[in-house]
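Scroll down for the structure; my scribbles are underneath it.
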Amino acid sequence: MNFLPLLAERFARQRLQALARVEGKVVDGKPVVLFLCTHNAGRSQMALGFFQHYAEDAAVAWSGGSEPGNEINPAAIEAMKERGIDISSEYPKPWTDEVVRAADVVITMGCGDACPVFPGKRYEEWVLVDPAGLDVAAVRPVRDEIEQRVLTLLAQLEVSVSGV
């Protein structure tokens with residue numbers, strides 16, 4: 001696996017960025033959102049893709065899973081590609097305490113009791129169909145609902161969106 005060192009570096013960088021925020025070393029005023037689902041292979045990855053696409057550099061988003069899968073759901077990749085958003089370079093990863101503690105908003109999508117709870121965080125549960133094992137046609141409605149929820153969240157956070 002030639003890409004494993006790159007993935008480990010990206011994961012470590014995210015954890016260090018989160019730790020810097022928790023320790024108050026990064027105070028840029030940007031809202032931080034964490035998208036969590038069970039496998040971090042479909043719903044949370046699509047939400048992350050839409051959030052990063054629309055918010056650009058005005059906000060920070062991360063994703064994770066309680067039981068990370070082996071790869072991003074190919075149907076989710078294809079459904080997002082139809083919208084001009086490439087999530088194929090992402091990878092399933094676990095959530096970590098520092099990432100959760102650094103988030104202002106934690107969006108959970110079906111991870112139930114496995115999702116972390118820290119006092120003082122804003123939590124939302126997005127009840128969505130799990131796209132695991134579905135074809136692209138069945139993933140499209142889930143993708144579209146996630147997009148609308150992300151746009152609503154960005155409006156609530158008063159983050160200017162691009163490309164709408």
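None of the figures in this text is laboratory data; all of them are computed from the coordinates on show. Note that this is a predicted model, so its numbers are computed, not measured. When we count neighbours, we look across all protein chains shown, and the Cβ atoms used for this are built from the backbone with ideal geometry, even at glycine.
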When you check Ala114 against the structure, is it farther than 18 Å from Leu134 by Cβ and either buried (at least 23 other Cβ atoms within 10 Å of the Cβ) or without any contact (Cβ under 8 Å) to a residue 24 or more places away in the chain (or both), yes or no? no
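Condition check ((1) of a type in the set (Ser, Thr, Tyr); (2) under 19 Å from Gly133 (Cβ atoms); (3) crowded, with 22+ Cβ neighbours inside 10 Å) across all residues:
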| site | (1), (2), (3) |
| --- | --- |
| Leu48 | no, no, yes |
| Phe51 | no, no, yes |
| Ala55 | no, no, yes |
| Pro68 | no, yes, no |
| Ala79 | no, yes, yes |
| Lys93 | no, no, no |
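Filter segment 54-105 down to residues that are of a type in the set (Gly, Ala, Ser), out of contact with any His (no Cβ under 9 Å at 6 or more places or on another chain), touching a residue at least 12 places away in the same chain (Cβ under 8 Å) and part of a loop (DSSP other than H, G, I, E, B), then give me how many there are.
Total meeting the criteria: 3.
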